[in-house]
Amino acid sequence: MQDFGWGGEWGLRIFNDGQTYRVTDINFHTRFNTTDSVLFRINIYNVQNDLPDSSLLQQELFVKSYKRDK
């Protein structure tokens, strides 16, 4: 079981000037992946009082990366 991580969350705050934006590309760094695959969950949150609030996505978004993917 040591090969499996506990998971985690990493965020990046993007300030918005009121315009509508579209995310077209997301990259993941998987240099230390020791399992056959990694499942990433992507979420985009509204910010309220400097903290993540409600999700802006209409449905959950997952991306799976396999060990041999580059």
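The values are calculated or read from the model by the stated rules, or taken from the named source; none is laboratory data. As the structure is a computational prediction, the values presented were derived from the model and not from experiment. Neighbour counts run over all protein chains shown; Cβ positions are idealised from the backbone, glycine included.
Per-structure values
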quantity	calculated
Residue check for G11: part of a loop (DSSP other than H, G, I, E, B), surrounded by fewer than 11 Cβ atoms within 10 Å (Cβ to Cβ), under 15 Å from the mean Cα position of the chain (by Cα) and at pLDDT below 85	no
Total residues in the range 15-47, condition within 14 Å of the chain's Cα centre (by Cα), among the β-branched types (V, I, T) and outside any strand (DSSP E or B)	5
Scope the range 48-64; condition assigned to a strand (DSSP E or B) and either in contact with a Lys or Arg (Cβ under 6 Å, 6 or more places away or on another chain) or at pLDDT 90 or above (or both); matching residues	Q48, L51, P52, D53, S54, S55, L61, F62
